[in-house]
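The values are calculated or read from the model by the stated rules, or taken from the named source; none is laboratory data. These numbers come from a predicted model, not from an experiment. Neighbour counts run over all protein chains shown; Cβ positions are idealised from the backbone, glycine included.
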Amino acid sequence: MGQAWFRYYNQAKLNPKTFFHTEIDERINFEAPHQSQFFIHLHLHYRMKPWLDVAAGQNFNLTDSPVNPELEVPEIRPWQEISLIAPSENRWSMQARYRLDQRFIHNNNRIELEEGFHFNLRHRVRLQAARTLIGSQDDVKLGLRLSNELMLNTGDVPRALDQNRIYCALEVKLSDRWSLESGYLNILQPVNDDNYLIRNVIRTTLFHRISL
């Protein structure tokens, strides 16, 4: 299955340690071109130490049913995360992140919505590496990003493995405030105990960084 993801990602600096992030994320299927998911992410980050970042956020998203394209399933997702950042060395930087999602997904039978929500607690562990290809660590003109993220469920779901994501991308600086990243995302997701769905995703992100 192929998809294209388009994101606008705003990073607003409130003070030297506090940042407010806003993401708008549109996801489209290639095979029968139509919206697959739509996300709005709002999160507040606090850099406690140069090597420690903590954050909390709220996601609102709609997921189209594969059976009934007219059905959009709402989800409300508060989450918390902690990131460890290694000091940059030889143009490389490393990050390890743990995020806990509390997912409240509207009940549905894939044809229409039903009363109430079901709950899923999801654990996300991501390892990420970034390398400066052109420029310096403080002024990256062209950068490479590599990551692997594992997601596990402990809510009312039949399978512990939610998905695994491997990502590779290039980010080019357009100006002091704008940059553009585009890359390939491979998603492995179980359908049942014996079968797995592989998604091949082209993800493009427009970053907008401002200081308040």
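For segment 98-133, a tally of residues being more than 23 Å from Val172 (Cβ to Cβ), assigned to a strand (DSSP E or B) and either in contact (Cβ under 8 Å) with a residue 40 or more places away in the chain or in contact with a Phe, Trp or Tyr (Cβ under 9 Å, 6 or more places away or on another chain) (or both) returns 19.
Just the residues that are under 18 Å from Asn120 (Cβ atoms), touching a Lys or Arg at 6+ places or on another chain (Cβ under 7 Å) and surrounded by fewer than 18 Cβ atoms within 10 Å (Cβ to Cβ), please, taken from segment 59-74. Hit for segment 59-74 is Ser65, nothing else. The numbered conditions (1) modelled with pLDDT under 95; (2) outside any strand (DSSP E or B) are all true for Gln189 except (2). Could you tell me whether segment 41-50 includes any residue that is assigned to a loop (DSSP other than H, G, I, E, B), under 24 Å from Leu212 (Cβ atoms) and without any contact (Cβ under 8 Å) to a residue 60 or more places away in the chain? Yes, because at least one residue in segment 41-50 is assigned to a loop (DSSP other than H, G, I, E, B), under 24 Å from Leu212 (Cβ atoms) and without any contact (Cβ under 8 Å) to a residue 60 or more places away in the chain. Scanning segment 29-43 for residues that are surrounded by 15 or more Cβ atoms within 10 Å (Cβ to Cβ) and of a type outside the set (Gly, Ala, Ser), we see that the one that is modelled with the lowest pLDDT is Asn29. From the list Arg199, Arg165, which one is touching a residue at least 40 places away in the same chain (Cβ under 8 Å), surrounded by 15 or more Cβ atoms within 10 Å (Cβ to Cβ) and either outside any strand (DSSP E or B) or among the basic types (Lys, Arg) (or both)? The match here is Arg199.
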